Amino acid sequence: MKKILLPVILLSAFTAGAQVSIVGSGVPVSEDFTGFDGTGFDPAPAAGQLNSNNWEVLGFSDGDLLFGGSAATGDLARGITTGNITSGGLYAFDNSGNTAVYIQPTSSDFNPGSITWKLQNNTGSILTEVDLAYTVYIYNNEGRANNWNCSYSYDNTTFVNIPSLDLVSVEADEDLLYTYNQSTSIPGLSIGDGDFFYIRWDGADVSGSGSRDEFGLDDISLTAYAGEVTPLAELVEDVSVVEGAGAATVSVELNVSANCDVYVSATDGTAEMFVDYL
């Protein structure tokens, strides 16, 4: 799906030196990778490259691409593909004329790995909520399952996972292309005027053996809203279960009347997700 951006937004990923900017409350910021041809990243991108001021890519054997860096050869510049590839790296996926960023993980590439999008709040206000939507392609052509998760950060160091957006590819080889239209709202934020906000997609092995499925990212849309900061209440409950003893139950009670969203996430202790628990 192609999108038309209003001229005032000025968000082309291919404009030299352009920083992706949130210019107003309720004004969408979009990226559909039109024009990307898999020839890499640069802070002053040539035609077909992505602007590294906006993108950071970690976890490939040729080395990490940090914000503002350059990569015009190797893993991060694999060119155009229509899928069913074997060499690890980052490609431009030609999906019947619609372009996406496309990643082939291997044992040493994007395993684990991440791709991060950086935006700046230039609204003049504090942003307190974000609506995020994007498309994920998973070409299940191998006998291994990998995850594809999404998280956000204020500082590109500490990230908060969004469990409702977690995906895992099917382990059994089906030779099928799956399309997932992902969306969520993130409340309770406090993004100051002039501050940056980061969206990260990451992946790693989950189960199975052999080669890995292929993952594409496209049609990203982020709309941020100014307003009063929504208070957040966070609690942590440790659960221990003897292996093989069955299930455990955790109960959380909200004892006051409130219109709120509840997010539940799990962090591994000695257990491993998808192996010891689901």
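In nanometres, what is the gap between the two model label sites at Val170 and Ala47, each 7 Å from Cα along Cα-to-Cβ?
4.0
Hey, what does the equivalent ellipsoid look like for segment 66-121, semi-axes from the Cα gyration tensor as sqrt of 5 times each eigenvalue, largest first, whole Å? Before the final figure, lay out the partial values.
Details: eigenvalues 78, 52, 25 Å².
One finds semi-axes of 20, 16, 11 Å for segment 66-121.
Given 5 Å bins starting at zero, what is the percent of C-alpha pairs of segment 97-182 in each, up to the one with the largest pair distance?
With a bin width of 5 Å, the distribution comes to 3, 9, 19, 23, 19, 12, 7, 4, 2, 1.
If I take every Cα pair under 8 Å that is 6 or more residues apart in segment 21-226, average their sequence separation and divide by the length, what percent do I get for the relative contact order? Don't jump to the answer; show the numbers that get you there.
On the way: 596 pairs, mean separation 57.2, N = 206.
Once normalised by length, the contact order is 28 percent.
Using a cut-off of under 18 Å, list every residue of segment 136-179 whose amide N is near the label point 7 Å from the Cα of Ser207 along the Cα-to-beta-carbon line.
What the label zone holds, given the 18 Å backbone N cut-off, is 140-149, 166-175.
Karplus couplings for segment 178-192 from phi (6.51 cos²θ - 1.76 cosθ + 1.60, θ = phi - 60°), rounded to Hz, Gly and Pro as x?
The phi angles translate into 9, 10, 10, 9, 9, 7, 6, 10, 10, x, x, 8, 8, 9, x Hz.
Which percent of Cα pairs goes in each bin when the distances of segment 59-217 are cut into 5 angstrom slices starting at zero?
2, 8, 17, 20, 19, 15, 10, 5, 2, 1, 0
Between segment 159-232 and segment 57-74, what's the alpha-carbon centroid distance in Å?
After rounding, the separation between the Cα centres reads 21 Å.
Computed from the coordinates by the stated procedures, all read-outs in this text should not be read as laboratory data. Predicted model only: the values in this text are computed from it and were never measured. Every residue, glycine as well, gets a Cβ built from its backbone with ideal geometry; the counts of neighbours run over all protein chains shown.
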